[in-house]
Amino acid sequence: MTHLAQWIRCKAGTIQSCDRRSASAGWTVLCSSISYHVIRQACHMNPAVTRSLKMATHLSCGRVNLNVLREAMRIELREFLDKCAGSKAIVWDEYLTGPFGLIAQYSLLKEHEVEKMFTLKAGSLPSSDVKNIIFFVRPKLELMDIIAENIRREDKGRYSHRDFHILFVPRRSLLCEQRLKDLGVLGSFYHREEYRLNLIPFDGDLLSMESENAFKECYLENDQTTLYHAAKGLTTLQALYGTIPQICGKGECARHVANMMIRMKRELGGSNNQITPVFDTLLLLDRNVDLLTPLATQLTYEGLIDEVYGIQNSNVKLPPEKFAPKKQGESGKDLPTEPKKLLLNSAEELYAEVRDKNFNAVGSVLSKKAKIISAAFEGRHNAKTVGEIKQFVSQLPHMQAERASLANHTSIAELIKDITTSEAFFDNLTVEQEFMSGFDTDKINSYIEDCIAKKDPLIKILRLVCLQSVCNTGLKQKVLDFYKREILQTYGYEHTLTLYNLEKAGLLKAQSGNRNNYPTIRKTLRLWMDDVNEQNPIDISYVYSGYAPLSVRLAQVLVRPGWRSIEEVLKLLPGPQFEERQSLPPGLMKKRQQGENKVMLIFFLGGVTFAEIAALRFLSQLEDGGTEYIIATTKLINGTTWIKSIMEKLEPPPF
């Protein structure tokens, strides 16, 4: 039994002792509606927990209260920190700082005597007068070498009573511990433990593992480590939110995860999970079932922000000049130079409203919002009595926050518009949409040829060539050979391995048997829609202004009318299709109230884009949809980050 599962059972006992009505059924609290009261009971009335829940209200605003998962992670973190008695300094693997920031702010660490934080670097550790040094790291051998150097360089005379600890995220590694032993420092660690940061809540309907090499490991290296962590994360979700009665999936990786989940549940043995299920269905989807969608340029507001500037752990860094306050007589040299950093999630009312809209519909929303805010501020002139003035003053902080939010998103929209109205963007998008609609996919494309000749960024070239290949179920051999030759001669032969990786992943390949299956898939699943209403959409195709994401269409068809209606198309897509049922104890089947939607957890193995997330949110909001979607993934991706994760550059010899 995992530490988290033990915590759940332990806290269930605490609740039972406080509430005899739940004694017969175990922890029969419906987790989607766990209250502050229950969390306080589980955490022994810790007021810090209540504060943390208030800080993450955007995680509890949907059908599933993801604050419960976040709080379980925080409890584990606090328990580990309390094991290291005395003052502490944390040495961070830099990649982990972003994901951990979504779980615990510095205030929580400070409450547990964390006084300093450093980034893991070669050489000596920065000077700090603390009792404990804790390394938070991924299990990577190269990081073990740096840690060993840090420890060996410590001044033993000055810090003779200092304790070292290491926390592996998300799993301890025997290889890493052996490397530390070989380097002579394994005995220096007082605690060697793991912290299972498997699924991180990003928003009220979004979870991500943020495993940066998940696709490469799963589909190129046949490494199932990420799949194991995905199964572990799903097991944790079932422990918190109840057993998921139905598991459906498509793809080899999906099959592996389902098998591991079922095995883990069986190995736990003993008592059945007594929590009424929150999720009705789990849909596991391999990324290689739909290789097309991430290659296309996303056209939602959030998708374009990610395409242009990159969203990392719900944060984005933007050019500062658009956000500088404009003052009379201010010279250009006084403009800020540091990037403007903004947090993007549904806690911000305006962002929640515009994030999933097609970018062409964002301007009208911002304009309408500006008029509403302006009218609200004008209301101060109508406040005559003391009561009216008091009411206006009480609303002022919220109104000022709304005005600041509007200013930020107006600036972002202007930055994005400068790009989307450029000729280069239009030409690129035109070629993408021609491929996705099935036009001229079987011949050398003159636009791609020109881009290579101009030495445009290699990522742009690879995205277009791969898109053409996927939309043609592979390229004719002479077309493929031409593209490969042009790329290597223009960008360097060190990219040979990258082309090999793309071929192995199925993104760039020769057509076999002279058969193009894409037109059949496109027509059957209605992947291309000629008439798209971007302002008031009626179909998911609005997220790409014509193209409906294949992955989301599969989820939509599964709900209604079911996958049996598209069996022939499913055979054309890679990997097995399967369905499993998990038995529930008597009395736990959820009795649905009239008009209550089902809840589907859809897990993308290999990454998901913000445009796909927007399409699923659109389906959740349909009045006659009947299903709400919670999205989980190994990584939030866009075409650029996805291709980069597959790329490899051969280094020239050092002589």
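The values are calculated or read from the model by the stated rules, or taken from the named source; none is laboratory data. Quick caveat, the model's predicted, so the values are computed rather than measured. Ideal geometry is used to build each Cβ from the backbone, glycine not excepted, and the neighbour counts take in all protein chains shown. These accessible areas exclude ligands, DNA and RNA; they are computed on the full protein's heavy atoms, side chains included. Shrake-Rupley method; radii C 1.70, N 1.55, O 1.52, S 1.80 Å.
Each 10 Å bin, from zero up to the one with the longest distance, holds this percent of the alpha carbon pairs of the range 510-566: 22, 44, 27, 6, 0. Here's the picture: charge each Lys and Arg Cβ at +1 and each Asp and Glu Cβ at -1 in the range 454-511, and of Leu475, Leu502, Ile487 the one pushed furthest to the positive end of that dipole is Leu475.
Restriction of the GluC sites (Glu not before Pro) in the range 213-269 to DSSP coil positions whose beta-carbon has at most 14 other beta-carbons within 10 angstrom yields Glu221.
In units of 2.2 N^0.38 Å, what is the alpha-carbon radius of gyration of the range 421-525?
1.05
Among the protein heavy atoms of the chain, carbon and sulfur supply 50% of the accessible surface, probe 1.4 Å, non-protein parts ignored. For the range 241-319, taking Cα atoms only, Rg and Dmax work out to 18.3, 56 Å respectively. Estimated from the Cβ-Cβ distance and a Förster radius of 30 angstrom, the FRET efficiency linking Glu378 and Ala352 is about 0.75. Dipole orientation for the chain: of the candidates Ile521, Ser437, Gln395, Gln395 has the Cα lying most toward the positive pole (charges on Cβ; Lys, Arg +1; Asp, Glu -1). Its residue count N fixes a reference of 2.2 N^0.38 Å for the range 554-655, and the Cα radius of gyration divided by that reference is 1.52. Shown for the range 167-326 is the translational diffusion coefficient from the Stokes-Einstein equation, using the Kirkwood radius over Cα pairs, a temperature of 4 °C and a viscosity of 1.567 mPa s: 68 µm²/s. Charge tally for Arg196 (other residues, Cβ to Cβ under 11 Å; Lys, Arg +1; Asp, Glu -1): 0.
Give the ranking of Asp129, Asp306 by solvent-accessible surface, highest area first, calculated with a 1.4 Å probe.
Asp129, Asp306
Only the Cβ atoms of Lys and Arg (+1) and of Asp and Glu (-1) were treated as charged; on that basis the dipole of the chain about its Cα centre amounts to roughly 1660 debye. The helix-based estimate of mean residue ellipticity at 222 nm for the chain, built from -39,500 (n - 2.57) per DSSP H run of four or more residues and divided by its residue count, is -13500 deg cm²/dmol to the nearest 500.
Is the range 191-270 best put as rounded, prolate or oblate by its Cα gyration tensor, with a ≥ b ≥ c the root eigenvalues, rounded for a/c under 1.5, and otherwise prolate when a/b is larger than b/c, oblate when not? Here the range 191-270 falls in the rounded category.
Of the trypsin sites (Lys or Arg not before Pro) found in the range 70-157, those that fall in a DSSP loop while having at most 15 other beta-carbon atoms within 10 Å are Lys121, Arg153, Lys156. For the chain, the per residue solvent-accessible surface stands at 46 Å², with DNA, RNA and ligands left out and a 1.4 Å probe.
Looking at this model, which pairs from Lys232/Lys644; Lys598/Lys644; Lys455/Lys504; Lys88/Lys340 are more than 29 angstrom apart at the alpha-carbon? Distance filter (> 29 Å) returns Lys598/Lys644; Lys88/Lys340. Gain on full extension, evaluated as 0.36 nm per residue between Arg581 and Leu429 minus their Cα-Cα distance, stands at 50.4 nm. More than 41 angstrom separation, counting every C-alpha pair in the chain; what % is that? Summing the P(r) of the chain above 41 Å gives 34 percent of all pairs. Our note on the geometry: Cα centres of the range 114-138 and the range 417-483, 47 Å apart.
Projected label points at Lys341 and Lys371, each 7 Å from Cα along the beta carbon direction, are separated by 3.8 nanometres.
Mean projected area of the convex hull spanned by the Cα atoms of the range 128-191, taken over all viewing directions: 4.1 nm². Each Lys and Arg adds +1 at its Cβ and each Asp and Glu adds -1 at its Cβ; summed about the Cα centre, the range 69-210 shows a dipole of about 420 debye. From the P(r) of the range 120-239, can you give the percent of Cα pairs sitting at distances over 23 Å? When every Cα pair of the range 120-239 is considered, 41 percent fall beyond 23 Å. Charged side chains reduced to their Cβ positions (Lys and Arg at +1, Asp and Glu at -1) give the range 532-655 a dipole of some 340 debye around its Cα centre. Residues Asp93, Asp182 ordered from highest to lowest accessible area at a 1.4 Å probe: Asp182, Asp93.
Projecting the Cα atoms of Asn638, Thr421, Thr276 onto the dipole axis of the chain, where Lys and Arg carry +1 and Asp and Glu carry -1 at the beta carbon, places Thr276 farthest toward the positive end. FRET efficiency for the pair Lys181 and Tyr106, taken as 1/(1 + (r/R0)^6) with r the Cβ-Cβ distance and R0 = 41 Å, rounds to 0.80. Span-like helix check, the chain: qualifying full DSSP H segments, with Cα axial length of 27 Å or more and mean Kyte-Doolittle of -1.0 or more, are 386-420. Using the alpha-carbon positions of the range 166-234, Rg (one decimal) and Dmax (whole number) come out as 14.7, 46 Å.
Over the Cα atoms of the range 590-641, the radius of gyration divided by the Kirkwood radius equals 1.08; this is the Rg/Rh ratio.
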